[in-house]
Amino acid sequence: SAYKAEKKVDDLLYVMFTSGSTGQPKGVPVSTASANCYARAMIEACGIGPRERWLQPVDLHFDVSMMTVLSAWLTGGHIIAIPSKQSPFGPRFVKKFAPVENWTSVPSVIARASALGMLGAGSMPGLKRSFFCGEALPSDMAAQWQAAAPDATIYNLYGPTEATIALTWHRFNSAKDSQRAITPIGIALRGSKARLAEDGEIELGGPQVFHGYLGNPKPIKTYLETDADGTRWYKTGDIGEMDADGTLHFKGRKDWQVKLRGYRVEIEEVEAVIRKRAESALVAVVPAGAVSGNSYERLCAFIGTEVDAALLKAALHEALPDYMVPSDFVALADFPRNANGKIDRNALVALAEAL
């Protein structure tokens with residue numbers, strides 16, 4: 001169990017390897033203390049009761065699965081695991097194994113379930129809570145899930161593996177959150193901290209933050225720093241903004257910041273407009289035609305349904321500046337995904353470059 005890190009942790013609970021979506025997979029040692037801090041704060045924040053049922057359509061190699069495992073362990077809950085490939089059919093399983101109080105998955109499952117006609121109004125009446133983590137949660141998709149599970153509270157959680165599953169949380173409010181394309185990632189759980197660096201990078205601090213990667217594959221100072229009071233801070237590589245009340249909003253990856261011919265483009269904003277105009281929940285926009293650094297010549301939109309590209313492009317010109325309108329629209333019946341079920345944007349970039 002021993003490993004080299006900034007500090008050897010004696011109460012090692014498990015090692016979770018990152019998906020590699022932003023680089024070479026790295027082993028993240030998670031201590032019992034960190035896991036306890038996360039789970040107890042979540043149970044308190046969300047009011048999770050004893051002996052509840054959890055539907056888990058997430059594979060165990062993805063740390064979102066530990067969200068369910070730890071919460072169930074500490075409350076005497078019951079876990080119903082289904083294959084991750086069956087996650088878009090989740091509403092059927094909610095009915096089959098009723099009562100099911102809790103659901104946990106990545107947000108893009110909503111789009112896939114919608115495309116399969118699984119999200120009829122009131123189709124999951126027994127759910128009390130739905131937890132989404134691992135990807136940005138579009139507000140329109142959250143509202144669609146809310147309509148299917150009218151009695152459920154939707155929680156948007158944020159946090160990389162390095163901060164033990166999730167460190168911030170936000171309770172979805174359709175009236176307020178629909179004003180933004182992406183649901184806020186919220187505030188830090190009890191006992192933890194979140195802040196923005198001068199360049200807007202999200203930094204997470206407290207006992208949930210790990211001590212260093214397995215075998216130290218990169219210099220610790222590049223991603224961890226410790227305050228004078230001993231608080232560990234992890235530099236996430238994500239960009240955010242913070243409201244006056246401390247609510248955090250995810251704005252994208254530092255390494256996915258895009259400029260098109262000198263203009264800064266918010267990819268999420270483009271995706272939100274396309275979802276509305278194309279009437280498809282499954283949309284991903286990626287840059288193509290790299291010029292230098294993070295500067296590109298064009299955008300390419302991948303959509304989970306067939307569209308009339310000319311009509312869609314005309315509609316987008318009415319809602320977006322010309323430079324934000326993708327030059328290519330590609331219908332994909334099945335989006336490429338990484339090992340954790342997230343949309344593999346690097347694979348989409350490769351497809352876009354081949355057009």
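Of note:
- Filtered residues of region 204-263 (kept if touching a residue at least 24 places away in the same chain (Cβ under 8 Å), among the aliphatic types (A, V, I, L, M) and surrounded by fewer than 17 Cβ atoms within 10 Å (Cβ to Cβ)): LEU214, ILE220, MET242
- Taking strands (runs of 3 or more DSSP E) as the structural unit, those lying wholly within region 251-355 and holding at least 3 residues that are among the hydrophobic types (A, V, I, L, M, F, W, C) and closer than 30 Å to ALA197 by Cβ correspond to 283-292.
- Candidates VAL330, VAL273, VAL349: the one that is modelled with pLDDT of 90 or more and surrounded by 19 or more Cβ atoms within 10 Å (Cβ to Cβ) is VAL273.
- Among residues of region 277-309, those that are at pLDDT 95 or above and either closer than 19 Å to ARG112 by Cβ or open to solvent by 40 Å² or more (accessible area, probe 1.4 Å) (or both), counted: 3
- Count of region 48-89 residues which are open to solvent by 20 Å² or more (accessible area, probe 1.4 Å), at pLDDT below 95 and assigned to a loop (DSSP other than H, G, I, E, B): 4
Conditions (1) over 21 Å from PRO88 (Cβ atoms); (2) touching a Leu at 6+ places or on another chain (Cβ under 7 Å), marked per residue:
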{"site": "ARG277", "(1), (2)": "yes, yes"}
{"site": "ALA281", "(1), (2)": "no, no"}
{"site": "SER295", "(1), (2)": "yes, no"}
{"site": "THR305", "(1), (2)": "no, no"}
{"site": "LEU311", "(1), (2)": "yes, no"}
{"site": "LEU316", "(1), (2)": "yes, no"}
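- Test for ALA310: is it more than 24 Å from LEU137 (Cα to Cα) and free of Cβ contacts under 8 Å to residues at least 12 places away in the same chain: yes
- Residues in region 314-327 that are surrounded by fewer than 17 Cβ atoms within 10 Å (Cβ to Cβ) and not small (Gly, Ala, Ser): HIS317, GLU318, PRO321, ASP322, TYR323.
The values are calculated or read from the model by the stated rules, or taken from the named source; none is laboratory data. Source: prediction; values computed, not measured. Please note: Cβ atoms are built from the backbone with ideal geometry, for glycine as well, and neighbour counts cover all protein chains shown. Areas reflect the complete protein model, heavy atoms only, side chains present, ligands, DNA and RNA absent. Shrake-Rupley method; radii C 1.70, N 1.55, O 1.52, S 1.80 Å.
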